[in-house]
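Asks: Sharing a structure below in structure tokens format, with a few things to ask.
The values are calculated or read from the model by the stated rules, or taken from the named source; none is laboratory data. Just so it is clear, the model here is predicted, and its values are computed rather than measured. With ideal geometry, Cβ positions are generated from the backbone for all residues, glycine too; neighbour counts draw on all protein chains shown.
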Amino acid sequence: MTDTARPDSAGALLTCASEAQGLLRLELADAWPELAAPQWLADGLALVPLPGGFEPFAAEVKRVAPIFLRHLAPVQTVQPVTPFRGVTGALKRGLEALEDLAPSDTALAVQIRHVVERDGSACVERMTALEREFAPAAAEVTHCLIETAYPERIVSALIVGDRLLMGISDAAANISTWPGGERRFQEVDGQISRAEFKLLEALEAFGVALPASGVALDMGAAPGGWTRVLLEKGLSVVAVDPAKLHPSLVRHERVTHVRARIEERLSGAAPADVIVNDMRIDPRQSTAIMLQASSLLPPGGPAVMTLKLPDGGVTDRALLATVRAGLKRLEPAYLVLGARRLFHNRSEVTVALVAGGDRAPVGE
């Protein structure tokens with residue numbers, strides 16, 4: 001891509017987990033066979049040209065909802081980073097070129113990342129200090145209100161060598177309002193495991209509305225990270241797992257620990273208002289359990305589960321087929337709100353569900 005003030009059709013930056021690059025490539029080829037092959041700028045970060053412009057593509061991404069795409073950002077101007085003007089000068093020139101995409105008084109976030117070499121491979125890092133330093137200039141150029149937490153529009157900038165790739169888009173078009181989709185949570189007192197971040201990210205990413213009170217069924221609960229999150233949300237929890245729970249949960253007045261496998265206790269189980277499932281089992285077995293458990297939920301009752309991906313020895317196409325088949329199996333009993341490999345996922349995909357109601361494909 002050559003230096004230009006405003007190539008509206010320039011392209012988009014796509015972010016995924018580094019080990020999911022092959023899966024995302026297959027999803028892109030399936031959904032948009034006319035799309036040029038991604039150019040990988042770093043581990044988990046690709047650039048694709050978009051002859052039709054960013055906004056139509058972003059709308060299509062929302063409709064298709066690729067499972068392994070974590071973040072999307074436009075490239076609408078490419079500026080040189082020279083020793084004389086430096087990064088700040090390139091950022092200002094880029095904003096001036098895109099000024100009409102940031103209406104005055106809009107809540108605007110500025111997100112800056114750069115590609116660096118680390119241990120022999122290219123990776124992406126956020127430049128938070130530069131973001132803070134550049135914020136006053138961004139406000140002056142655009143006449144916008146700089147807002148990091150809840151922006152309406154986002155300035156996305158990526159430094160690659162001597163080039164600055166920049167674009168401005170609606171925050172919703174980026175899939176995640178966090179740079180690169182890297183949703184960060186602060187560790188808190190009493191935290192049991194980092195798996196808690198997985199559930200917190202899922203609730204936020206898919207807009208899952210939990211009831212203010214009621215009973216949650218936590219399947220495969222030990223050591224209790226998800227149970228702790230549900231307690232914090234005001235729910236009582238039936239935690240089913242033959243393994244021990246964390247000591248902080250053992251005598252909790254709103255926790256009932258059933259030390260058994262969930263398969264042994266589903267028949268005749270009491271109704272629940274919420275169901276979660278982070279069991280480390282085969283996706284087919286996990287979806288079968290979720291289908292059986294759906295009868296415990298009221299219509300519209302929320303559920304969150306993870307589909308564990310097979311380990312090595314399986315092709316990318318087989319992995320993608322496994323996830324798609326799992327989602328298809330869930331449709332008779334649930335509306336699938338979303339399925340995505342989130343930032344806090346590892347070898348798994350998180351799925352958000354609602355019991356009952358009309359069935360619809362993910363993204364509709």
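Asks: Give me a count of the residues in the stretch 91-104 that are in contact (Cβ under 8 Å) with a residue 60 or more places away in the chain and either among the charged types (D, E, K, R) or part of a loop (DSSP other than H, G, I, E, B) (or both).
Replies: Here is the first cut: in the stretch 91-104, the residues in contact (Cβ under 8 Å) with a residue 60 or more places away in the chain are 91, 94-95, 97-98, 101-102.
The next check asks that each one be either among the charged types (D, E, K, R) or part of a loop (DSSP other than H, G, I, E, B) (or both); those that pass are 98, 102.
Number satisfying all stated conditions: 2.
Asks: What about THR88, is it in contact (Cβ under 8 Å) with a residue 12 or more places away in the chain and in a loop (DSSP other than H, G, I, E, B)?
Replies: On the way: in contact (Cβ under 8 Å) with a residue 12 or more places away in the chain: yes; in a loop (DSSP other than H, G, I, E, B): no.
No; evaluated as a whole, the condition is false for this residue.
Asks: Which condition number in (1) surrounded by fewer than 19 Cβ atoms within 10 Å (Cβ to Cβ); (2) over 17 Å from the mean Cα position of the chain (by Cα); (3) outside any loop (DSSP other than H, G, I, E, B) is the one that ALA157 fails?
Replies: (1)
Asks: Being more than 30 Å from GLY326 (Cβ to Cβ) and buried (at least 21 other Cβ atoms within 10 Å of the Cβ) is the requirement here; does GLN39 meet it? Working first, answer last.
Replies: On the way: more than 30 Å from GLY326 (Cβ to Cβ): yes; buried (at least 21 other Cβ atoms within 10 Å of the Cβ): no.
The answer is no for GLN39.
Asks: Taking the stretch 107-131 as the search range and keeping residues that are touching a residue at least 40 places away in the same chain (Cβ under 8 Å) and of a type outside the set (A, V, I, L, M), which one is nearest to LYS92 (Cα to Cα)?
Replies: In this case the residue turns out to be GLN111.
Asks: Yes or no: HIS71 within 18 Å of the chain's Cα centre (by Cα) and either without any contact (Cβ under 8 Å) to a residue 24 or more places away in the chain or surrounded by 18 or more Cβ atoms within 10 Å (Cβ to Cβ) (or both)?
Replies: Values: within 18 Å of the chain's Cα centre (by Cα): yes; either without any contact (Cβ under 8 Å) to a residue 24 or more places away in the chain or surrounded by 18 or more Cβ atoms within 10 Å (Cβ to Cβ) (or both): yes.
Taking the combined requirement at face value, the residue satisfies it.
Asks: On to the next question. Check whether at least one residue in the stretch 170-179 is out of contact with any His (no Cβ under 6 Å at 6 or more places or on another chain), in a strand (DSSP E or B), not hydrophobic (A, V, I, L, M, F, W, C) and not assigned by TED's automatic domain parsing to the domain that holds VAL304, and report yes or no.
Replies: Checked against the condition, which is being out of contact with any His (no Cβ under 6 Å at 6 or more places or on another chain), in a strand (DSSP E or B), not hydrophobic (A, V, I, L, M, F, W, C) and not assigned by TED's automatic domain parsing to the domain that holds VAL304, the stretch 170-179 yields at least one hit.
Asks: Would you please name the residue that is surrounded by the most Cβ atoms within 10 Å (Cβ to Cβ), looking only at residues in the stretch 92-117 that are over 24 Å from the mean Cα position of the chain (by Cα) and of a type in the set (Lys, Arg)?
Replies: ARG93
Asks: Quick one: how many residues across the stretch 42-65 are within 29 Å of ARG118 (Cβ to Cβ) and loosely packed, with under 14 Cβ neighbours inside 10 Å?
Replies: 0
Asks: For the stretch 118-134, does any single residue satisfy the condition of being surrounded by 17 or more Cβ atoms within 10 Å (Cβ to Cβ), within 28 Å of MET305 (Cβ to Cβ), outside the structural domain of LYS244 (by TED's automatic domain parsing) and at pLDDT 95 or above?
Replies: no
Asks: Does at least one position in the stretch 8-24 carry a residue that is in the same structural domain as THR142 (by TED's automatic domain parsing), within 20 Å of GLY167 (Cβ to Cβ), at pLDDT 95 or above and surrounded by fewer than 21 Cβ atoms within 10 Å (Cβ to Cβ)?
Replies: No: zero hits.
Residues checked against (1) at pLDDT below 95; (2) not in a strand (DSSP E or B):
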residue: LEU26; (1), (2): no, yes
residue: VAL48; (1), (2): no, no
residue: PRO51; (1), (2): yes, yes
residue: LYS62; (1), (2): no, yes
residue: PRO83; (1), (2): yes, yes
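Asks: Let me ask something additional. Restrict the check to the stretch 241-251 and report whether at least one residue is modelled with pLDDT under 95, in the same structural domain as PRO302 (by TED's automatic domain parsing) and among the aliphatic types (A, V, I, L, M).
Replies: Yes, the stretch 241-251 contains at least one residue that is modelled with pLDDT under 95, in the same structural domain as PRO302 (by TED's automatic domain parsing) and among the aliphatic types (A, V, I, L, M).
Asks: Exactly one condition in (1) touching a Gly at 6+ places or on another chain (Cβ under 9 Å); (2) modelled with pLDDT under 95; (3) within 21 Å of GLU201 (Cα to Cα) is false for LEU309; which is it?
Replies: Going through the list (1) touching a Gly at 6+ places or on another chain (Cβ under 9 Å); (2) modelled with pLDDT under 95; (3) within 21 Å of GLU201 (Cα to Cα), LEU309 breaks only (1).
Asks: Right, here's the next one. Given the structure, is GLY190 part of a loop (DSSP other than H, G, I, E, B), surrounded by fewer than 17 Cβ atoms within 10 Å (Cβ to Cβ), not basic (Lys, Arg) and not assigned by TED's automatic domain parsing to the domain that holds ILE275?
Replies: yes
Asks: Still on this structure: Checking the condition touching a helix residue (DSSP H, G or I) at 6+ places or on another chain (Cβ under 8 Å) and not aliphatic (A, V, I, L, M), which residue from THR256, THR322 passes?
Replies: Working: THR256 fails: touching a helix residue (DSSP H, G or I) at 6+ places or on another chain (Cβ under 8 Å).
Just a single option satisfies the conditions, and that option is THR322.
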